[in-house]
Amino acid sequence: MKIIIFAGAPASGKTSVIYHIIEQMLNESQQICIAKLDCLSSNEHQIYEKLNIPVVVGLSKDLCPDHYLAINLLEIYDWAKDHNSDYLFIETAGLCNRCAPFLESALNLCVIDCVSSIKSPEKLGPMVSTADVIVVTKGDMISQAEREVFNYHVKSINNQAVIIEANGLNGLGCHRIRYLIVNSNDLTTLEGEKLVYSMPKAICSYCVGETRIGQQYQQGMISLIDFNEHESI
């Protein structure tokens with residue numbers, strides 16, 4: 001089974017890009033499953049169901065969605081195996097941008113919206129810097145010169161990744177992503193598999209439901225701002 005993980009900021013076009021890729025692959029008589037992980041709610045499964053493929057939705061609720069994915073990866077993998085899947089697509093919600101939900105042996109893709117900000121790639125952190133493929137969407141809304149500047153900025157953060165411009169509306173560029181997916185590694189097991197980047201070490205009072213503000217209510221791992229280091233005039 002090939003595992004393909006899509007990450008990126010909300011509304012960057014992940015679902016649209018995945019939909020076009022899978023639509024192109026359905027003619028190849030391959031079994032495809034998709035897992036959609038989100039925070040509080042999700043209706044993307046209604047879109048994927050149009051493709052007539054197995055879809056599962058997981059809502060992390062009180063947990064970070066990337067933590068939630070890491071906790072449930074083996075179960076998602078086994079679910080796809082039970083469906084005799086050749087390809088397992090995982091679409092996960094981005095949240096704090098501190099970590100990346102990627103696996104060392106999977107094909108890891110970061111979808112990034114080029115009209116959001118020129119600073120977006122660095123703000124997405126490890127999702128950009130550790131991705132195998134960076135999919136740049138909404139390029140039709142800016143000029144060619146602006147796209148080149150944006151892609152140059154992305155390349156300066158991750159010069160090992162393949163950068164592909166894709167259009168979520170008409171699927172333009174998705175055939176290149178499909179080619180990389182079809183030629184990616186097959187995984188026979190997730191035993192011994194590792195994340196490419198560590199998760200946040202967030203274990204504090206607020207993680208377990210505390211809502212009151214004040215040092216007397218703070219326990220666990222606490223990080224205080226250093227005003228001498230970060231203050232500016």
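The values are calculated or read from the model by the stated rules, or taken from the named source; none is laboratory data. Here the structure is a predicted model, which is why all the values come from computation and not from measurement. Counting neighbours? That spans all protein chains shown, and the Cβs are built from the backbone with ideal geometry, glycine included.
Total residues in segment 150-168 satisfying the condition of being part of a helix (DSSP H, G or I) and among the charged types (D, E, K, R): the figure is 1.
So for segment 45-63 (the condition being acidic (Asp, Glu) and touching a Lys or Arg at 6+ places or on another chain (Cβ under 8 Å)), does at least one residue qualify? Checked against the condition, which is being acidic (Asp, Glu) and touching a Lys or Arg at 6+ places or on another chain (Cβ under 8 Å), segment 45-63 yields no hits at all.
All of (1) closer than 25 Å to Ser85 by Cα; (2) of a type outside the set (Asp, Glu); (3) touching a helix residue (DSSP H, G or I) at 6+ places or on another chain (Cβ under 9 Å); (4) surrounded by fewer than 13 Cβ atoms within 10 Å (Cβ to Cβ) hold for Lys194 with one exception: (3).
Which residue out of Arg98, Arg147, Arg176 is under 25 Å from Tyr48 (Cα atoms), of a type in the set (Lys, Arg) and not in a strand (DSSP E or B)? Before you say what the answer is, go through the steps one by one.
Values: Arg98 fails: under 25 Å from Tyr48 (Cα atoms); Arg147 fails: under 25 Å from Tyr48 (Cα atoms).
So the residue among Arg98, Arg147, Arg176 that is under 25 Å from Tyr48 (Cα atoms), of a type in the set (Lys, Arg) and not in a strand (DSSP E or B) is Arg176.
From the list Asn159, Asn108, Asn151, the one residue that fits, being crowded, with 19+ Cβ neighbours inside 10 Å and either among the polar types (S, T, N, Q) or at pLDDT below 90 (or both), is Asn108.
Which residues, taken from segment 40-61, are aliphatic (A, V, I, L, M) and under 23 Å from Ser29 (Cβ atoms)? Full working, then the answer.
So the first thing to find is which residues in segment 40-61 are aliphatic (A, V, I, L, M), and the list is 40, 47, 51, 53, 55-57, 59.
Selection gives Ile47, Leu51, Ile53, Val55, Val56.
Would you mind telling me which numbered condition in (1) of a type in the set (Val, Ile, Thr); (2) part of a helix (DSSP H, G or I); (3) more than 15 Å from the chain's Cα centre (by Cα) Val56 fails? The failed condition is (2).
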